[in-house]
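**Q** Have a look at this one.
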Amino acid sequence: MIITGKKFSKPDLSRVINGDTALPEAQAGPEKFRLDHLLVEQHPEYNRSSLQTFIKSGFVTVDGEKITKANSKFEKDAEIILSVPESQTELPKIPIIYEDENILVLDKPSGLLSMAKGEYCPEITLEKYGLLVHRLDRDTSGVVILAKNPETQTMLRKQFQDRKTHKTYYAIVEGTPKLPEAMIDLPINRNLNRPTTFEVNQNGKPSQTYYKVLESKNGKSLLELKPTTGRTHQLRVHLKYLSTPILGDPVYGDEKAAPRLMLHAGSLEITIPGKQGNTRQTFTSPLPPEFNQAIESPSK
């Protein structure tokens, strides 16, 4: 019996297999290295994580070409240039609600970051104004309290941890909740599919938000929100779950529905230290003008 098959499509390799010729020696080129590893050697003043951020941000060129992937490989003699923009140094003026020798209460504008992310942050953050006690999301505006010394910072932080502060927020949401007021008691956990976001999950941490509808108009509603817990993105996640996401929310709603996240920290009740002893005070911030504009304008 004769067994036949397809003709070998690579005659050169066939001759090698038959032993007629030998494999050519591999021509090894110059060794190449990951871009972030090369930068670590050139810029020991930064850690690798920061350098990866610089690469992703477009701050690195190799032989005149912008490279944005840290695992790109190059020879050691490649011309690698790192150009990190200068950080802001001048502190923008923020309205002061209250100030004494121990605390500073500011009316935070939307867009201001609470704390730096990573080793490098070119932006001004709330940390530049005082010691952080609590945080507001970047796009949330309103009352925020800072400490001027570590002792006050510890005292104020403990009140947040022990839930002895009372916070009131205001939000404009899409649509109207089914009930005019209610307590949202739904646990929140990190979304494993999108680790920078959160979701309602039965395995999450207990989270409670009281809400009350203050006004409904043009397919939108103004809500008063009083959280009794302080989970990350709590108000935004709870309201999304009710199918009434906050207007302008780039993560849990429609970013284009408003010029900013329509969430405002309207008041904070807390005990502060003083020369005459501790006193309970409430600090407030009025609704920004864009809130009234947002609810008055017809929905698109």
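**Q** Can you list residues whose amide H is under 5 Å from Asp254's amide H, if they're 5+ apart or on another chain and H is modeled 1.01 Å from N?
**A** The answer is Gly248, Asp249.
**Q** May I pose another question? Report the net charge of residues surrounding Ile295, where surrounding means a beta-carbon distance below 9 angstrom and charges are Lys +1, Arg +1, Asp -1, Glu -1.
**A** Its environment carries a net charge of 0.
**Q** What number comes out for the charge environment of Ile94, summing +1 per Lys or Arg and -1 per Asp or Glu over other residues with Cβ under 12 Å away?
**A** Surrounding charge for Ile94 is +1.
**Q** For the chain, set up a Gaussian network in which alpha carbons nearer than 10 Å are linked by springs, and say which option among Glu269, Glu224, Glu79 fluctuates the most.
**A** Ranking Glu269, Glu224, Glu79 by mean-square fluctuation puts Glu79 first.
**Q** A further question on this structure: Lys/Arg Cβ at +1, Asp/Glu Cβ at -1, dipole of the chain taken about the Cα centre: which of Pro92, Leu38, Thr152 is farthest positive-ward?
**A** About the Cα centre, the residue reaching furthest to the positive side is Thr152.
**Q** Moving on to the next point. With all protein chains present, how much of the accessible area of the chain (probe radius 1.4 Å) comes from carbon and sulfur, to the nearest whole percent?
**A** Taking all protein chains in place, the chain shows 50 percent carbon and sulfur surface.
**Q** Let me ask another. Among (1) 23.2; (2) 19.7; (3) 23.7, only one was calculated for this model; which label is it, if the read-out is Kirkwood radius over Cα pairs in Å?
**A** (3)
**Q** Give me the three principal axis extents of region 79-167 from the C-alpha atoms, as integers in angstrom, largest value leading.
**A** Principal extents (largest minus smallest coordinate, Cα): 57, 25, 24 Å.
**Q** Lysine pairs, Cα distance under 19 Å, 8 or more residues apart or cross-chain: how many in region 24-115?
**A** Final tally of qualifying lysine pairs is 9.
**Q** Per residue, how much accessible area does the chain have with a 1.4 Å probe, in Å²?
**A** 61 Å²
**Q** What ranking of His238, His37, His43 comes out by heavy-atom accessible area, probe 1.4 Å, highest first?
**A** Ranking His238, His37, His43 by accessible area, largest first, yields His37, His43, His238.
**Q** Keeping all protein chains in the complex and leaving out DNA, RNA and ligands, what accessible area do you get for Asp185 with a 1.4 Å probe, in Å² to the nearest 10?
**A** 100 Å²
**Q** While we're here: Between Gln202 and Thr271, what is 0.36 nm times their sequence separation minus the Cα-Cα distance? Round to one decimal in nm.
**A** Residue separation times 0.36 nm, minus the Cα-Cα distance, leaves 21.5 nm.
**Q** Okay, next question. Per the helix-only calculation at 222 nm, which mean residue ellipticity applies to the chain, given -39500 (n - 2.57) for every DSSP H run of n ≥ 4 and division by its residues, nearest 500 deg cm²/dmol?
**A** After summing the helix terms and dividing by residue count, I get -5000 deg cm²/dmol.
**Q** With θ set to phi - 60° and the Karplus curve 6.51 cos²θ - 1.76 cosθ + 1.60, what are the ³J(HN,Hα) couplings of region 273-280 in order, to the nearest whole Hz, using x for Gly and Pro?
**A** Per-residue couplings from phi come out as x, x, 4, 8, x, 6, 9, 8 Hz.
**Q** Based on the mean of other Cβ atoms within 10 Å per residue, sort peptides 133-139, 168-174, 158-164 so the most packed one is first.
**A** 168-174, 133-139, 158-164
**Q** Right, here's the next one. Among DSSP bridges having both ends in region 35-134, what percentage is antiparallel? Round to the nearest 5.
**A** 90 percent
**Q** Out of residues 5 or more away from Phe33 or on other chains, whose amide H comes under 5 Å of its own, with H placed 1.01 Å from N in the peptide plane?
**A** Here Phe74, Glu75 satisfy the definition.
**Q** Apply the Karplus parameterisation 6.51 cos²θ - 1.76 cosθ + 1.60, with θ equal to phi minus 60°, to every residue of region 149-154 and state each ³J(HN,Hα) to the nearest whole Hz, in sequence, with x for glycine and proline.
**A** Listing the rounded values in order: 8, x, 5, 5, 4, 4 Hz.
**Q** Could you order Lys212, Lys256, Lys66 so the one with the most accessible surface comes first? Probe is 1.4 Å.
**A** Largest accessible area first, the list is Lys256, Lys66, Lys212.
**Q** May I ask for the distance between the Cα centers of region 241-270 and region 196-228, given as a whole number of Å?
**A** 10 Å
The values are calculated or read from the model by the stated rules, or taken from the named source; none is laboratory data. Keep in mind that what you see is a predicted model, and the values were worked out from it rather than measured. Methodologically, a virtual Cβ is constructed for each residue, glycine included, from the backbone with ideal geometry; neighbour enumeration extends over all protein chains shown. What goes into the accessible areas is simple: the full protein's heavy atoms, side chains included, and nothing from ligands, DNA or RNA. Shrake-Rupley method; radii C 1.70, N 1.55, O 1.52, S 1.80 Å.
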